[in-house]
Every structure is written in structure tokens, then in C-alpha cells.
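To start, the structure under review is shown below, and the notes come after it.
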Amino acid sequence: MSPDEDRTRGRWSQRGAAYAVWYLRAVTFINFLSAVWVSFGQDIRRHNVAEFFTPYLLTAGFASGVFSLFFAVTMRRRKRAAWILNLVLSGVFLLLFTVAMVVAPEFRGHGQNWFSFAVTLLFVAALIVGRKEFYAKGDRSNPKLAAAVALGGLLVTSLLAGLLVTVANTAQDSHHSTFLDRWRYGVMRLVSIAAEEDRFPGIAAPNWVNVVINVMSTLLLLLVLWAAFRSVRSTDLITSEDEERLRGLLDRQGDRDSLGYFALRRDKSVIWSPTGKAAVTYRVVGGVSLASADPIGDPEAWPGAIDLWLAEARSHGWAPAVMGASEEGGTIYARHGLDALELGDEAIVDTGEFTLEGRAMRTVRQAYNRVKRAGYTVRIRRHEDIPEDEMDRLLKLADDWRDGETERGFSMALGRLGDPGDGRCVMLECTDADGELRALLSFVPWGTKGLSLDLMRRDRDSENGLMEFMVLEMVQRAKEVDVTQVSLNFAMFRSVFERGARLGAGPVLRLWRSLLSFFSRWWQIESLYRANAKYRPIWEPRYMLFEKSTDLLRIGIASARAEGFLEAPGLPKWLNRKHLETKR
């Protein structure tokens, strides 16, 4: 086959897949419209009960709209299982059309039937033409999980239905029915959406009970479909060999990105470039392949690693996204078809140029001197210089001082403390005038001459301003650990707060700033910016990269889960991560 013919087939395949997805979206819209436009919905249902057929999945109503929407979403994500199911169902429906057209002359006399036949035929043809575009693989455990969900869900919902019917039964001879009869009634309504009440003497369920049972049936079916079409949840995590290779790349190229060391988190997976000179580390959360910061290694080898990472994401139906990329890394990602959105800025302090002198630093200087006069002192050591028994004590205090059960951080946090492999990390221990330990800071290496803030813990009963005091001690005493630059916290939407407060800021910018200030009551967006700004740092922008704008909500939820701001429902508290020493 010539290259031109191959390209032509590829274009037709893409068009076929696009038509199939848009058809399902159109059907979803009509189904939802018929649910709110009563007369329109009645017309469609009247066609279905007479001698007419409506096109595939167009059955009018909210429940059918939910199903067609589910299929539209899974088809847009190129799920192979969704393609197979749609092809089977629409093929059977088309076969019924064909049989009716052949054996029933009166059926051919209605124009709407010919229209429905043509639309369904086009949909089936589009599925066949676009078959190569539906390549996303599901998890191998999906069939077993879907069967378990169906059986377990049917048992639970049927028992609930039986209890509802028992409580709300209005039949005068209700004593003639047993709970087994009421359970069978619930099962029949769950399976068939309706039940022949004549078969169940002694049972007269109110309409609201039947509605509740039908809703449970719809939810159960959606849950079964979700289990059947679920994406592969994860890939192999970083191995000891991978970690060793990543450390080698960081030794050679670690100065490029202040967040590079966080690639060594052990809840990530890694994809290597064909040359092995670069790698992308990522984690799969909620169907999103979430990479953090820039690729590791030689920038000339980054495209090879990015290509393989994107190919893997698409093969599994994951949405690719990058959190916290630098301008250099974001530019390379953008060349591979990803769009960029500025998230905020990273605060970097040049220790050689930093000074507490001057009017601009007056407030910071006074706070620093106040804590110092209170007798607080800071000890700075590499992790490898801390004896094992002392490190065990620091680990216990770090866990005790943590705010909440969930460990937060992903793109700018290592997720562990005291690991033997992290000996070059730097620990700051702050003690009060009585020699009691009150706070901890931990920094990870940034190349050979830099540090990046990883962990902040303090006793809630300690002096206010203790963290600022420790950061200033780190910056001023950087020569003790041979450091010239320190990366501090990340400030989301920093430019909005800064430009929105200036004279002449436009109404849109002021409104955006007001909204962020409102949400800062819970998420400390503005306070984190101001906490960083007091050091007068160099601001380095960081970006989020994504492939499709329609995936932004999904990416945002996945990022919040990865960072620890959202928890998966039902996760036992004892499964949450703690800063325990990990030895391998």
C-alpha cells in the first residue's frame, strides 16, 4: 500500500470514529431534551410503541440519556470494549430493522423508519470504518469485576427493594404476601424496569417506591458498565534498578530542574527514552496519567521519552497531563501536542544575594529577631549525618505534628522521610530555649548546589513565625551545606494576586483575584503566596500541560487526589501513608 493510500485510510478511520462519537452525543442531547420537553418525549415514545423504530439508543428520557452519554464518553476515550459493545448492539438493532423492512410491507410505508434505518446503518458503518481508532485497552480484571458488581449489586439492591415494598405496601391483603414474594417483586422490577403486578397478589407498591427501585436499577447498570470499561489502573512502579538509573541521571543533569529529585517517589512509574538518557515519571490516578515537572535526563532525549509516555497513555485510554513543568519542559511537551496553562510560580532564593537589610525586609527582620530572642536555635545536618536512633525520633515527631491523617504532596514532595537512599537531603531541627525540639524542615537535593523544600512540620504550641525563622536560617547559613540556591513553596496563581492588587487592574482580573481570595479561606492560596513573597525570591513560572480541554475537570480531580487534597471514598484510615522509614 502506498503512503498516500495509507494516509487516506487513516483519515477515513478518524472521520468514522468522530462520526460515531458525535452521533452518540447527538442522541444524548435528544434523550435529555425529551426528558424536559414533555410533548417531544411523548412523541418519541409513541413512535416506539407503534409500528415505528427510532435510531439506535434514541429511546427518550433521562435514563437513556445517561446511557448514551456513558457510551459517548467511553468511545471518545477510544475504549475498545465500548466499540465492541456498540457494534454488537447496533448491529443487532440494524438486523431487526432489515428483517422488518423485508417481512413487513407496512413498515416500509413510514418515512421515519427509513430515516432511522439510514442513521443506524451510517453509525454501524462508521464503527467498522473507524475500528482502528478504538485501541484503548481495559483492565484484564474488568469482566470478573463487572460480574461481581452485577451479582453483588443485584443482591443488595433487591434486598433494599424488598424492604421498601414491605414498609410501603398498601395492599389490603398484604398479609398474604411473604418477604420472598416482595423480594421477587423487587428483583423483577430491577431487571425489567416494570413488573406484572397481577403475578404478585398482596403487593401494591406506591409509585414512589417503583421510581426508587428503577433509579437503583439504573445506577446498578451504570456501575456494571463502569466496571466493564474501567481503564488499567496502574503500571509497574519504579524498581530499585529504575531508581538507581534515575539517580545517575540526576547526578549528571539534576541542576536543570529544582523538582527533579521528586521523580524518585516510589508511587510513580517510569518510561525511558529509547537511548536510556531521559525518562518521564508519572502516576495513574482516576484514568489520568499524571507526570510531574520536567523529564529527567538529557533534554535532547526528552522527546523520545515523551513520545513513549503519550503512546502508553493513549493505548490505555488515560488522559495525559503534566503538573509543574518549567518553561523549558513545557515548551518540549507543547511540541508534542499538549496545551499549556500557567499554574503559578515557584519561589527561588539566591543565597548569595539574599539579605535581611533594608526597609523592604523590615517586617521579616523584626519577626526573625523576635523568635531568635525567644531562645530558638536551628541545627542543620545532612540526613546521612543523623544517627539512626535520632532519625527514628524525628520520624515519630514528624508523624505526630502532621496536620491530618493524609500525607499531602506529589509533584513537589518526596513522600517519605529518613530513607537510607536520601542521605544527601538536609534536615533543619529547631529547638526552643529549653532545648525541646519544636519544628522540622527537610530539603531534597537540587543538583550539586541547590535545595528544594520537601517537608514542613511544627509543634502547634510553638512560637508563631517559627517556619519563617528556620527558612531564613537555612538561607543565611547555606554555606554550611555548600548551597547557593533554595527552592521554596509553590504559589498558585501568584501573578493574579500580584497584578490584581495593582492600580489600574481590570474588572476581570479583580474578579478573578476576589474569587481566589475567597477560596483561600480553605486552601491557603493567597497566604502561601504572601508567605513566599516576604523573602523577595526569584519567581519561576510552572505550567500544567494537557491534551484536551474537556479533560481539565478530570485532570484537576486526579491532581487533587494525587496531592492528597481529595481521598478516594471508603479508603480505610490505616491505609494512609505515614513517614515511616522504608528499607529495600
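The values are calculated or read from the model by the stated rules, or taken from the named source; none is laboratory data. Predicted, not measured: the structure shown is a model, and the values here were computed from it. In this analysis, Cβ positions are derived from the backbone assuming ideal geometry, glycine residues included, and neighbour counts consider all displayed protein chains. Ligands, DNA and RNA are excluded from the accessible area calculation, which covers all protein heavy atoms including side chains. Shrake-Rupley method; radii C 1.70, N 1.55, O 1.52, S 1.80 Å.
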Subject >> Residues satisfying the stated conditions in region 302-331, i.e. open to solvent by 30 Å² or more (accessible area, probe 1.4 Å) and under 23 Å from residue 342 (Cβ atoms) >> reply: 303, 327, 328, 331
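Can you report the number of residues in region 333-342 which are open to solvent by less than 30 Å² (accessible area, probe 1.4 Å) and in contact with a Pro (Cβ under 8 Å, 6 or more places away or on another chain)?
Within region 333-342, residues that are open to solvent by less than 30 Å² (accessible area, probe 1.4 Å) and in contact with a Pro (Cβ under 8 Å, 6 or more places away or on another chain) number 1.
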Original post:
Inside region 23-51, can you point out the residues that are of a type in the set (A, V, I, L, M, F, W, C), surrounded by fewer than 18 Cβ atoms within 10 Å (Cβ to Cβ) and either free of Cβ contacts under 8 Å to residues at least 24 places away in the same chain or under 19 Å from residue 123 (Cα atoms) (or both)?
Top reply: 26, 29, 33, 36, 37, 38, 40, 49, 50
Subject >> So residue 97, is it of a type outside the set (Lys, Arg), open to solvent by less than 40 Å² (accessible area, probe 1.4 Å) and at pLDDT below 80 >> reply: no
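Going by what's in this entry, would residue 540 be described as surrounded by 19 or more Cβ atoms within 10 Å (Cβ to Cβ) and either of a type in the set (Phe, Trp, Tyr) or modelled with pLDDT of 85 or more (or both)?
Answer is no for this residue.
Can you pull out every residue in region 224-253 that is of a type in the set (Gly, Ala, Ser), touching a residue at least 24 places away in the same chain (Cβ under 8 Å) and open to solvent by 10 Å² or more (accessible area, probe 1.4 Å)?
Passing the criteria: 228, 231, 234, 240.
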Original post:
Quick check, is residue 54 modelled with pLDDT of 80 or more, surrounded by 14 or more Cβ atoms within 10 Å (Cβ to Cβ) and not in a helix (DSSP H, G or I)?
Top reply: yes
**OP:** Would you mind stating whether residue 70 is under 30 Å from residue 553 (Cα atoms) and either modelled with pLDDT of 85 or more or in a helix (DSSP H, G or I) (or both)?
**Re:** yes
Original post:
How many residues are assigned to a loop (DSSP other than H, G, I, E, B) and either out of contact with any helix residue (DSSP H, G or I) (no Cβ under 7 Å at 6 or more places or on another chain) or at pLDDT 95 or above (or both) if we restrict to region 337-351?
Top reply: 2
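Each row is one residue, and each column tells you yes or no for (1) polar (S, T, N, Q); (2) at pLDDT below 90; (3) farther than 30 Å from residue 285 by Cβ; (4) open to solvent by less than 20 Å² (accessible area, probe 1.4 Å).
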{"position": "360", "(1), (2), (3), (4)": "no, yes, yes, no"}
{"position": "380", "(1), (2), (3), (4)": "no, no, yes, no"}
{"position": "393", "(1), (2), (3), (4)": "no, no, yes, no"}
{"position": "399", "(1), (2), (3), (4)": "no, yes, no, no"}
{"position": "406", "(1), (2), (3), (4)": "yes, yes, no, no"}
{"position": "410", "(1), (2), (3), (4)": "no, yes, no, yes"}
{"position": "413", "(1), (2), (3), (4)": "no, yes, no, yes"}
{"position": "430", "(1), (2), (3), (4)": "no, no, yes, yes"}
**OP:** Restrict the check to region 58-71 and report whether at least one residue is more than 27 Å from the chain's Cα centre (by Cα) and either free of Cβ contacts under 8 Å to residues at least 12 places away in the same chain or on the phi > 0 side of the Ramachandran plot (or both).
**Re:** yes
Subject >> Output for region 134-176, where each listed residue is among the hydroxyl-bearing types (Ser, Thr, Tyr), open to solvent by less than 60 Å² (accessible area, probe 1.4 Å) and either part of a loop (DSSP other than H, G, I, E, B) or at pLDDT below 80 (or both) >> reply: 141, 174
Subject >> Selection within region 352-364 - over 15 Å from residue 469 (Cα atoms) and either in contact with a helix residue (DSSP H, G or I) (Cβ under 6 Å, 6 or more places away or on another chain) or touching a residue at least 60 places away in the same chain (Cβ under 8 Å) (or both) >> reply: 352, 360
**OP:** Filter region 226-278 down to residues that are aromatic (Phe, Trp, Tyr), in a helix (DSSP H, G or I) and at pLDDT 90 or above, then give me how many there are.
**Re:** 2
Original post:
Checking residue 498 against (1) more than 24 Å from residue 355 (Cα to Cα); (2) at pLDDT below 70, which single condition isn't satisfied?
Top reply: (1)
